[in-house]
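A short reminder: the numbers here are calculations on the coordinates, not readings from a lab. Because the structure is a prediction, the values reported are computed rather than measured. Glycine gets a Cβ as well: all are built from the backbone with ideal geometry, and neighbour counts include every protein chain shown.
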Amino acid sequence: MKKPVITAFALAVCGGASGQESVKQLDSAQLAKDLSVRAEVGWQGKNVFRGKERSDEDGLFQTKVGVEYFVPGVSGLSTYASFYNADAIERSYGYGLRKAVGGAVVDAGYLRMTSPSAKFFSNAAQGFTQLRVEDEAYLGVILPKSFLQPALYVNYGFNLDQVVVEGSLYHDFKGVGPFKLDVTFRGFAGNLFANDARDDGSGAQNGYAYAGAGLDLSMPVGQGSVIGVGVNYAVNNDNLAATRNSQVWTGVFAKFKF
């Protein structure tokens, strides 16, 4: 339901950092140990971003790919790239750095969102602005996990002069019930404010708060792969009639870790 950040949080806990080891020549085995690759394919009933439905399509096929490299010789430091595609509605490219600091992880990066099919959607008519190209920078912190894994991100969008602050919570329950399913809970809440909401220099302002949650049921199907189904909910308090309603949608997915 949420793209990379979309993007940043989707790759937040890639396993197996060997950056704590001493600097040495990397052979192919060591390279594989320092490199984490994850992918996901799935179908979502709606395209919802930051609490708003952004497509009148009944369903969207989507793919996600993330690559993270843990830098040898620098404890807890990694660099990553991610790609997200939802049919021809939108594509996103993320690049960033993460650093473990105590029990937390600091995450900073750049996000480019594109809409290959697209036209400009005005706020008055559609309730949101979607451009052919949007650029954002972000800074976040993923806090130590107790029962829930909390995270907080701040995004700045250059095109709309927009600030987004979003917090999220995440938890996995492993091997639940007679079928030993994994149950994943996600919750998030955020606030968005744009100083140029139409990207036309007019200074049109728009802001709203939003929140949502998701619940996934999944099961392993081999080494590093899972399949699952999920249900999601999002709501916002924007006063624009086209997008102020709450949304409920379902999806199916398969995830792979290499």
* **Using θ = phi - 60° and Karplus 6.51 cos²θ - 1.76 cosθ + 1.60, couplings along segment 94-102 (whole Hz; Gly, Pro as x)** => x, 9, x, 10, 10, 9, 6, 10, x
* Structure fact -> In whole Hz, the Karplus estimates of ³J(HN,Hα) for segment 234-250 (6.51, -1.76, 1.60; θ = phi - 60°; x where Gly or Pro) are 8, 8, 9, 10, 5, 9, 8, 4, 5, 9, 7, 7, 6, 10, 10, 8, 10
* Structure fact -> Phi-derived 3J(HN,Hα) across segment 207-220 with the Karplus relation (6.51, -1.76, 1.60, θ = phi - 60°), rounded Hz, x for Gly and Pro, is x, 6, 9, 8, 7, x, 7, x, 9, 10, 10, 9, 8, x
* Can you put Tyr110, Tyr69, Tyr80 in order of Cβ neighbours within 10 angstrom, beginning with the fewest? => Tyr110, Tyr69, Tyr80
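Would you list Met113, Met219 from fewest to most Cβ contacts within 10 Å? Don't skip to the end; give the middle numbers.
On the way: Met113 24, Met219 12.
With the fewest neighbours first, Met113, Met219 line up as Met219, Met113.
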* For segment 164-258, what relative contact order do you get, as a whole percent, if you take Cα pairs closer than 8 Å and at least 6 residues apart? -> 20
* To do: Within 10 Å of each residue's Cβ, count the other Cβ atoms and sort Trp249, Trp43 from fewest upward.
  => Trp43, Trp249
